[in-house]
Amino acid sequence: MTYQLVIEPLGECIEVAEDQTILDACLRQGVYLPYACGHGLCGTCKISVLDGEIDHADASNFALMDFERSEGKTLACTARLKSDVTIEADIEEEPDQRRIQIRDFTATVERVENLTHDVKSLRLRLDEQTIDFQAGQYINLTLPGVEGTRAFSIANPPQESDYVDLQIRLLPGGKGTSYIHQTLKAGDKITLSGPYGRCFVRKSRGGPLLFLAGGTGVSSPRAMILDLLAEGYAEPISLIHGVRTRADLYGEAEFTALTKVHPNFRYIPALSSEPETSDWSGERGFVHDVSERLYDGLFEGLTAYLCGPPPMIEACVNTLMRGRLFEKHILTERFLTANDAKKTAKSPLFKTL
Amino acid sequence: MSVKKLGLRQRYEHMTRGLDWETSYQPMDKVFPYDQFEGIKIKDWSAWEDPFRLTMDSYWKFQAEKERKLYAVLDSFAQNNGQTNISDARYINAVKLFLTGISPEEYQAHRGFAFAGRHLRGAGTRVAAQMQSIDELRHLQTQVHTISHYNKFFDGLGEFPHMHDRVWYLSVPKSFFDDARSAGPFEFMIAIGFAFEYLLTNLLFVPFMSGAAYNGDMSTVTFGFSAQSDESRHMTLGIEVIKFLLEQHPDNLPIVQKWVDKWFWRGHRLLGLVAMMMDYMLPKKVMSWKEAWDIYFVEAGGSLFQDLGRYGLKMPKYADIATEEAEHISHQNWAVFYQYTHAAAFHTWMPDAEHLDWLSAKYPNTFDKYYRPRWEMWAKMEKEGKRFYNGALPQLCQCCQIPMAYTEPGDPTTICFRSSKYKDDTYHFCSDGCKDIFDAEPEKFSQAWLPVHQIFQGNCGGPTVPDVLNWYHLNNGVDNMDYVGSPDEKIWNEWHAENTRKAV
């Protein structure tokens with residue numbers, strides 16, 4: 001049994017299981033609420049319940065006072081839903097975030113193409129509908145015979161709204177990607193929901209932008225960059241796209257062409273495992289090393305968007321922070337499952353990184 | 001006209017904005033004279049992220065209800081003679097040490113945060129420091145209420161403010177806070193806000209509060225719950241302070257690192273008293289100090305410093321030594337207090353057989369080899385009527401002010417001595433950590449008020465132990481010496497004899 005939870009002031013709506021705490025549900029959806037002790041004692045995660053019914057569970061009488069209970073306050077770390085609920089939480093409002101309702105879509109696979117030896121591009125044409133989203137967001141795909149949903153970033157800009165393009169690498173042993181690579185074909189029907197995610201461009205902040213992408217992580221920067229250029233964003237935009245070898249690189253022709261039309265756009269493909277002897281004359285090394293070189297190790301003043309596998313994100317965050325770019329200016333989407341969250345002990349030092 | 005409702009955060013901003021106006025008839029640097037000499041560079045105070053958006057009006061409302069609840073529990077504890085239901089009267093000695101050692105420091109923290117709130121320029125910082133300042137004062141008040149209850153039945157608590165300024169072991173927490181309070185406002189925030197209230201607070205708080213719960217001290221447990229909702233604010237403030245300083249300017253990193261190194265080590269030394277409390281003074285044990293250290297410092301601190309590493313901040317210097325000492329420090333401290341029980345305002349005892357076995361099990365690497373034989377010998381001497389007292393005054397470490405009883409890293413049978421020369425005098429230290437702290441600020445630490453030096457200089461009431469105890473306002477033969485034979489033990493036994501009689 002699940003309930004709907006609307007989180008104000010974001011207006012975001014998420015699903016919450018019956019025995020799940022509000023805090024847990026929010027963090028899993030990438031909505032950061034301030035919290036500390038995690039078990040009802042400290043009161044850091046106090047929220048207002050605007051509508052609906054909740055159970056305070058183990059909230060301490062000192063952390064959540066009687067008068068607060070009667071004023072509709074609760075602690076996100078212990079509260080469970082008893083109905084659909086709307087809460088208001090202490091969340092920084094993002095002036096660039098649009099309130100877009102999450103919807104379910106049915107789509108038809110229009111084409112499946114090889115981008116490289118192990119990456120396919122998928123175009124899903126929506127059946128008699130269009131999708132409203134912000135560049136950088138993702139959708140959840142439901143695949144026949146595969147339990148749960150799979151999250152993929154939308155590779156096309158929001159100006160192209162009657163289909164979604166996805167770039168999907170085959171993960172050895174991965175059920176979802178195996179299905180897509182081996183079974184899915186043009187003409188198949190598929191269902192998806194979206195848009196999700198908070199890694200959209202903070203356009204109102206302005207200033208130069210740095211996109212760091214690893215592998216198929218380049219799909220959402222592609223959407224964001226196409227969107228920005230289409231809108232005439234005039235500040236410098238740089239994209240560093242890291243892959244292993246020449247054979248893994250795709251999108252080069254398109255990005256190079258864009259640099260010709262838009263002098264404020266810079267494109268740097270970087271290969272980490274290209275044989276020394278090859279005729280590749282571009283950058284070599286991991287994305288974080290290449291960015292450190294290109295920026296002389298100083299990133300102050302930029303806003304960086306990071307998309308790629310967790311080790312790459314981690315390395316890039318470290319490099320950026322050493323170069324004095326901090327959490328507020330580093331944006332990334334974390335796809336956390338229940339197991340990931342438990343795997344590494346995190347200190348409360350960072351909210352999103 | 002319809003106006004959009006303000007979010008929680010915006011409402012908070014409206015309630016606090018404008019507190020940082022530019023002064024016009026005095027230059028800002030004269031109004032805030034202390035926030036530059038430490039070398040910390042702040043480019044943009046407005047980048048301070050207030051970790052808890054609590055406005056003063058809601059603060060009052062919130063704390064008022066909390067206090068009502070807490071005092072209701074304290075009252076009912078008193079009315080129901082809760083003191084007769086604790087596990088054993090030995091437990092009260094842990095309370096005595098905590099309340100006489102820490103309560104006056106709550107007051108020092110109150111004053112320190114008031115100072116920081118006045119002298120840091122950022123509005124967010126000032127509001128946060130102001131609230132923490134009031135919290136600390138409230139904590140002192142509630143602890144004094146607890147003291148006043150236990151003081152009706154047990155000895156050693158009545159003169160706590162007087163003792164705080166004079167008694168040799170109380171000078172350990174006192175000097176810790178004096179050091180922080182006489183530092184600049186940024187160092188104070190790192191020392192107390194970050195190192196004490198964040199990095200080390202769980203080691204102080206969790207063992208003490210669960211110790212109270214295990215031993216039936218519901219008044220202290222309730223205080224713990226009540227304080228925890230404040231503590232969480234203090235912890236987030238500590239985290240914000242360090243992030244803010246590290247993000248503001250690269251030149252801040254070495255300064256902050258130096259402070260983190262210093263206050264980690266000073267905190268580790270101070271917490272040695274808590275270590276002894278956990279391993280020796282709780283009749284019902286919670287966990288060993290070593291276990292607490294592993295959970296709250298090695299694990300939680302480890303992940304914190306891994307994250308802080310992104311800013312270039314390193315694990316505090318000598319953290320490895322402190323972890324090694326976690327297997328020794330409680331035993332070495334208890335040995336000191338046992339030998340000097342005649343000069344302490346709480347009682348000591350040798351662990352009984354069951355307790356010895358618990359210690360052996362919790363400290364398989366060290367207890368049987370280095371400490372158990374000594375305890376067994378002392379117990380034997382007691383039986384033979386030759387209870388061991390150390391009649392000589394101990395040499396104190398110039399920095400932490402603890403008697404020089406700690407051993408060399410890697411060699412638990414050799415006492416560790418370090419020294420430094422400064423202006424023709426030689427100063428002595430218990431460890432490299434304490435020596436480093438002195439060497440970085442010799443002018444400050446050379447002025448330390450060391451209890452033993454003061455006795456020798458004739459400033460403590462006279463040359464004999466009874467003279468000094470008198471000057472301490474320590475009631476000789478009542479407040480001090482072994483638990484067995486003390487008035488505390490007598491009253492406890494009377495209560496229990498009465499209970500047994502009633503039961504029959």
Handout entry: For the protein assembly as shown: Kirkwood Rh in Å [reciprocal of mean 1/r, alpha carbons]
Key = 30.5 Å
Exercise for the section: Would you please report the Å³ per residue occupied by the convex hull of the alpha carbon atoms in the stretch A:116-207? Expected result: 123 Å³
Practice task
Would you work out the relative contact order for the stretch A:188-301, in percent, from Cα pairs under 8 angstrom that are 6 or more residues apart?
Solution key: 23 percent
Problem - Three-way shape label, the stretch B:338-403, alpha-carbon gyration tensor, a/c 1.5 - result: oblate
Exercise for the section: Quick one: divide the alpha-carbon radius of gyration of the stretch A:2-88 by 2.2 N^0.38 Å and tell me what you get. Expected result: 0.95
Practice task
Please report the relative contact order for chain B, taking Cα pairs under 8 Å with a sequence separation of at least 6, and give it as a percent rounded to a whole number.
Solution key: 17 percent
Practice task
State the dimensionless ratio Rg/Rh of the stretch B:198-273 (Rg: radius of gyration of Cα atoms; Rh: Kirkwood radius).
Solution key: 1.10
Handout entry: Peptide-level mean, for B:225-231, of C-beta atoms on other protein chains within 10 Å
Key = 5
Completion exercise
Taking Lys and Arg as +1 and Asp and Glu as -1, residues besides B:Y472 with C-beta under 15 Å from its C-beta add up to -2
Completion exercise
Note: A:84-92 gets an average of partner chain Cβ contacts (10 Å, Cβ to Cβ) equal to 2
Practice task
Starting with the highest mean, order A:212-218, B:204-210 by the number of other Cβ atoms within 10 Å, averaged over the residues of each peptide.
Solution key: A:212-218, B:204-210
Completion exercise
Filtering chain B for DSSP H helices with an axial alpha carbon extent of at least 30 Å and a Kyte-Doolittle mean of at least -0.5 returns B:91-119, B:123-150, B:218-248, B:252-276
Completion exercise
Taking a ≥ b ≥ c as the square roots of the Cα gyration tensor eigenvalues, with a/c under 1.5 meaning rounded and otherwise prolate when a/b beats b/c or oblate if not, chain A comes out prolate
Problem - Charge context of B:G156, other residues only, Cβ under 11 angstrom, K/R +1, D/E -1 - result: -3
Practice task
May I ask for the distance between the Cα centers of the stretch B:132-194 and the stretch B:471-486, given as a whole number of Å?
Solution key: 22 Å
Problem - Relative contact order (%) - criterion: Cα under 8 Å, at least six apart; region: the stretch A:51-193 - result: 23 percent
Handout entry: For residues of A:61-72, the mean tally of beta carbons on other chains within 10 Å
Key = 4
Problem - Cα shape, the stretch A:203-343, gyration tensor, a/c 1.5 rule - result: rounded
Handout entry: Qualifying trypsin sites (Lys or Arg not before Pro) for the stretch B:389-456 [loop in DSSP, other Cβ within 10 Å: at most 16]
Key = B:K423
Fill in the blank from the handout: Violations at 18 Å Cα threshold for listed pairs A:K46/A:K73; B:K152/B:K174; A:K120/A:K175; B:K369/B:K435; B:K96/B:K152 -> B:K152/B:K174; B:K369/B:K435
Problem - Size-normalised alpha-carbon gyration radius of chain B, reference 2.2 N^0.38 Å - result: 1.02
Problem - Cα centroid separation, the stretch A:205-279 to the stretch A:113-131 (Å) - result: 20 Å
Exercise for the section: List A:M1, A:M224, B:M56 from most exposed to least, where exposure is judged by having the fewest other Cβ atoms within 10 Å. Expected result: A:M1, B:M56, A:M224
Fill in the blank from the handout: Checked against the positive end of the charge dipole of the protein assembly as shown (+1 on Cβ of Lys and Arg, -1 on Cβ of Asp and Glu, about the Cα centre), the farthest of B:L282, A:Y138, B:F417 is B:F417
Completion exercise
For the stretch A:53-198, Rg(Cα) over 2.2 N^0.38 Å is 1.40
Completion exercise
The summed charge of the A:L192 Cβ neighbourhood (under 13 Å; Lys/Arg +1, Asp/Glu -1) stands at +1
Practice task
Mind counting lysine pairs for me in the stretch A:203-343? Cα separation below 27 Å, and the two need to be 8 or more apart along the chain or on different chains.
Solution key: 4
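A short reminder: the numbers here are calculations on the coordinates, not readings from a lab. Nothing here was measured: the structure is a model prediction, and the numbers come from that model. So basically every Cβ, Gly included, is an ideal-geometry build from the backbone, and we count neighbours across all protein chains shown.
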